[in-house]
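Report on the following structure.
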Amino acid sequence: MQFIGRQEELKTLKGLLNKRSASMVVIRGRRRIGKSRLAQEFALMFSTVYSLSGIAPEEGVTADMQRQEFLRQLQTYQLPIYRSDDWGDMFQGLAQACTKGRVLVILDEITWMGSQDPTFLPKLKNTWDQSFAKNHQLVLIISGSNSMWISKNILNSTGFLGRVSLRIKLGELSIYECNQFWESWPGVISAFEKFKILSVTGGVPRYLEEIRSDLTAEQNICQLCFHQEGLLFNEFDQIFHDLFKGRGTYYQQLLKIISERHLSSKDIAAEMGRVMGGDLSDALQMLEESGFIYRDFTWSLSTHQTSNISRYRIQDNYTRFFLKYIDPIKTRIKALPQGLSNLPVGWRSIMGLQFENLILNNRAVVNRILQLPSEDIINAGSYTQTPRTRRAGCQIDYLIQTRYNVLVVCEIKFQAGPVKFSVIEDMQKKIAVLKIPKGFSMRTVLIHVNGVVDSVVDSGFFSNIIDFSDLLNQPGLAVH
């Protein structure tokens, strides 16, 4: 399988080989995002590699079973280690095989591996100090999908303070990187067809690997999402089982509420019938850290200061698609041996939200197209002007504020056909409400996927009109 994307991360990893000391690396990110694949690509630089993984936390899997499985994997490398009841003995045995030369050790899905045994991390830390770190050519990669657990127990732990050389949090591939999955396909694949796929998969590489070149976008989505054997039919439940264990229902309820519209924590608490803070705050932080939701903060245009006002949105396109269109009819799909041959009626109704999400996740690429270097941007993001006594509220899809007192107001518009002239009228209403500080200039930008009518172009209202195909062909990183 071709290795796509992650070039910056791979370059940073390779840079560790120029050090004269051992390196501990932490790679985290949601399931299917490519953590193991990145480690495997980096492993090509090493003559000796030990790759070990925890086993999925199915019901009945115990700490002892994790140790036994770790021992079994060690023995496949013909290491003379025979005890499985003590992590210290196994780590030390592995370290003895890593004393010389360029060696890579990968501990994959570390949360599964060690979260049930309180001695796991202390003994790993001790073995690092006493043995692993003595080989200045050794790199130890720790990776896992439970970003919150890793942050709490490793990255922010006093036990590992000063020991982690590199932290990598993998997010979705950029739209440009996603486009590389179609490069070798026969025929011509339109930007709109690619968007339909990405509206469901987002930039998750494992999902994109399942796309078949002999099927249309709709057929691919049917195969993946609306058949019992499809990867994305059961994926959501599997993710929540592995990450949240007995609390999966609570987290799913949270996501369902947020999937309907962008909400503040106060609004979410009201919808859930819970008080703000405490358990709810922890859950929101967990979902944000795991890449399911994103917290958009607004800011003061005049002072540039970030406001306390924020709203959560679903960041993961697959999650929203599952909640809106797969989950409500799962029972029906299971009753059909061949699954659905056609997509559910109205499945395109959330395309606008999916398109907006793709653009916001790739806003760095939009900035590049607009020739706005990052050092010139003070603030950028989804912007909410709250209503007050003397002003109305408004929502800007994507607002950029530069240090030269220029506001770039971006409208992200999805339509099944070309965008009509009414988009200008909608923008004029927003701009009329937006309270622009004195001395500021403003530019308007339209971002679309399916063309615009000539009258929109001829009007000269928009300083820039960006086609989705421009993002497919423009290198840049997604927002992680």
| request: Return only the number of the condition from (1) under 18 Å from I33 (Cα atoms); (2) without any contact (Cβ under 8 Å) to a residue 12 or more places away in the chain; (3) of a type outside the set (K, R) that E183 does not satisfy. | output: (1)
| said: Contact list please: Cβ distance under 8 Å, first residue in region 326-341 and charged (D, E, K, R), second residue modelled with pLDDT under 95, pairs at least six apart or on different chains. | reply: D327/F236; K334/Q228
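For region 353-375, indicate whether the set of residues that are touching a Lys or Arg at 6+ places or on another chain (Cβ under 6 Å) and either assigned to a strand (DSSP E or B) or surrounded by 21 or more Cβ atoms within 10 Å (Cβ to Cβ) (or both) is non-empty.
Here is the first cut: in region 353-375, the residues touching a Lys or Arg at 6+ places or on another chain (Cβ under 6 Å) are none.
The answer is no, given that none of the residues of region 353-375 is touching a Lys or Arg at 6+ places or on another chain (Cβ under 6 Å) and either assigned to a strand (DSSP E or B) or surrounded by 21 or more Cβ atoms within 10 Å (Cβ to Cβ) (or both).
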| note | If we keep only residues of region 149-191 that are under 28 Å from Y318 (Cβ atoms) and among the charged types (D, E, K, R), then the residue surrounded by the most Cβ atoms within 10 Å (Cβ to Cβ) is E172
| message | H304 - would you say it is surrounded by 14 or more Cβ atoms within 10 Å (Cβ to Cβ), assigned to a loop (DSSP other than H, G, I, E, B) and outside the structural domain of Q401 (by TED's automatic domain parsing)? | response | no
| If you take the residues of region 38-51 that are under 18 Å from I110 (Cα atoms) and out of contact with any strand residue (DSSP E or B) (no Cβ under 6 Å at 6 or more places or on another chain), which of them is surrounded by the fewest Cβ atoms within 10 Å (Cβ to Cβ)? | Q40
| remark: Log entry, pairs with first residue in region 380-394 being in the same structural domain as V406 (by TED's automatic domain parsing), second being assigned to a loop (DSSP other than H, G, I, E, B) and charged (D, E, K, R), beta carbons closer than 7 Å, six or more apart or on different chains, reads Q385/K435; R391/K435
| message | Filter region 244-268 down to the residues that are small (G, A, S) and under 21 Å from S382 (Cβ atoms) and list them by number. | response | S259, S264, S265
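Please go through region 390-421 and pick out each residue that is surrounded by 12 or more Cβ atoms within 10 Å (Cβ to Cβ) and not in a strand (DSSP E or B). Write out each step before concluding.
Step one: filter region 390-421 for residues surrounded by 12 or more Cβ atoms within 10 Å (Cβ to Cβ), giving 391-392, 394-402, 405-415, 418-421.
Result: A392, N405, F414, Q415, P418, K420, F421.
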| field | Subset of region 74-125 [within 34 Å of the chain's Cα centre (by Cα) and over 23 Å from V164 (Cβ atoms)] | value | L74, T76, Y77
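Within region 200-234, count every residue that is of a type in the set (K, R) and either in contact with a Lys or Arg (Cβ under 9 Å, 6 or more places away or on another chain) or not assigned by TED's automatic domain parsing to the domain that holds I326 (or both).
Taking region 200-234 first, the residues of a type in the set (K, R) are 206, 212.
The next check asks that each one be either in contact with a Lys or Arg (Cβ under 9 Å, 6 or more places away or on another chain) or not assigned by TED's automatic domain parsing to the domain that holds I326 (or both); those that pass are 206.
Residues flagged as of a type in the set (K, R) and either in contact with a Lys or Arg (Cβ under 9 Å, 6 or more places away or on another chain) or not assigned by TED's automatic domain parsing to the domain that holds I326 (or both) within region 200-234 amount to 1.
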| query | Out of (1) crowded, with 22+ Cβ neighbours inside 10 Å; (2) under 24 Å from F292 (Cα atoms), what's the single condition that is false for R206? | reply | (1)
| task | Take region 422-466 and flag every residue that is over 22 Å from Q401 (Cα atoms) and either surrounded by fewer than 18 Cβ atoms within 10 Å (Cβ to Cβ) or over 33 Å from the mean Cα position of the chain (by Cα) (or both). | result | S422, E425, G451, V453, D454, S455, V456, V457, D458, S459
| Residue check, S165 against (1) polar (S, T, N, Q); (2) in a helix (DSSP H, G or I); (3) assigned by TED's automatic domain parsing to the domain that holds R30, all met but one. Which one? | (2)
| field | Residue selected from region 62-73 under the condition in contact (Cβ under 8 Å) with a residue 24 or more places away in the chain and of a type outside the set (G, A, S), by the criterion nearest to W112 (Cα to Cα) | value | Q66
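The values are calculated or read from the model by the stated rules, or taken from the named source; none is laboratory data. Note that the structure is a prediction, hence the values are computed from the model and not measured. Glycine gets a Cβ as well: all are built from the backbone with ideal geometry, and neighbour counts include every protein chain shown.
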